[in-house]
Amino acid sequence: MISKINFPIDELTSMKKYPDELFYIGNLELLKKKKISIIGTRRPNSYTKEFTYKLASKFSNAGICIVSGAAMGVDALAHQGAKSNNTIAVVANGLDIHYPSINKNLIIDIEKNGLILSAYKEKEKARNYTFVHRNEIVVALSEFLIVTEADLNSGSLTSVNYALKMGKKVYTLPHRINESLGTQELVKNGLIEVIYDIDDFIYNFCGIKDASKEDEVLLFCKNSPTYESAITKYPNKIFEYELEGK
């Protein structure tokens, strides 16, 4: 059910103009958690896909809520990595519209288990300016921003500008020459920083160890058991962890 938020969200006071209205579906308790935003291109390469998912998953395991914009590509991977019960999706249209349609099932899953936010009333479709406004909300909600891949002049770079104006740190993944030129230019100019080790980054920045490091299944696997012995000891978990890339 679509409801209206009738209380101020402190993080959004960093915006140039606080939204006139905010609507939601889902669990408002997620707003009380520590949050980071992960965004990027709608057409990530395979490397970005892998590490966007890992970043979101590991941060989520460490108790951090992942915020993104429900777009195809990096946004969808960030939500998926966090799992639907620990993610906030900010959309650029009314909450009665599931856009983009390719992410309809993902959005419905977040509605049921996580939180969907919008500054727009029902029946209002996404437009250029609503995407820009959505980006500002995504950035404002979080302690810092990660842009895992972005081309020159991409929409993700408007989010970087918002973050820098709000005094928030911005991070990216290390990329090869001629890849993610938008973020590489920002790194070159000293405006954003590169994450070289995900586990160290989570621990050093948040002071929270990745919960997966304490996971008994992963600790067992660190001793290099045979696949058969791992399956015998954890018949359900091994297949699940394989699918999740753990």
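The values are calculated or read from the model by the stated rules, or taken from the named source; none is laboratory data. Note that this is a predicted model, so its numbers are computed, not measured. FYI the Cβ positions are ideal-geometry reconstructions off the backbone, even for glycines, and counts take in every protein chain you see. Calculation scope for accessible area: heavy atoms of the full protein, side chains included, ligands and nucleic acids excluded. Shrake-Rupley method; radii C 1.70, N 1.55, O 1.52, S 1.80 Å.
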**Asked** What residues have an amide H closer than 5 Å to that of residue 193, excluding those fewer than 5 places away on the same chain, when H is modeled at 1.01 Å from N in the peptide plane?
**Response** 170, 171, 172
**Request:** Give the span of the stretch 14-62's Cα atoms along each principal axis, as three whole-Å numbers ordered largest to smallest.
**Result:** 39, 24, 22
**Fill in**
So the carbon and sulfur contribution to the accessible area of the chain, 1.4 Å probe, in percent, is 51
**Complete:** HN-Hα couplings for the stretch 32-47 via Karplus (6.51, -1.76, 1.60; θ = phi - 60°), in whole Hz with x for Gly/Pro, come out as 7, 7, 5, 9, 10, 10, 10, 9, x, 4, 7, 10, x, 6, 5, 4
**Asked** Hey, how many Å between the Cα centroid of the stretch 113-153 and the Cα centroid of the stretch 26-60?
**Response** 13
**Complete:** Sparse-neighbourhood loop hits (trypsin sites (Lys or Arg not before Pro), the stretch 84-162; DSSP loop; Cβ within 10 Å at most 15 others) -> 121, 123, 125, 127
**Prompt:** Structure shown: which of 34/83; 32/83; 17/54 lie over 26 Å apart, alpha-carbon to alpha-carbon?
**Reply:** 17/54
**Request:** Give me the number: length gained by fully extending residue 223 to residue 72, i.e. 0.36 nm times residue separation minus the C-alpha to C-alpha distance, one decimal in nm.
**Result:** 50.6 nm
**Item:** Theoretical gain in end-to-end length, residue 6 to residue 42 [0.36 nm per residue, Cα-Cα removed]
**Value:** 9.7 nm
**Asked** Leaving out same-chain residues fewer than 8 places away, which lysines sit with a Cα under 22 Å from that of residue 123?
**Response** 4, 104, 112
**Complete:** In Å², rounded to a whole number, the accessible area per residue of the chain with probe 1.4 Å is 51
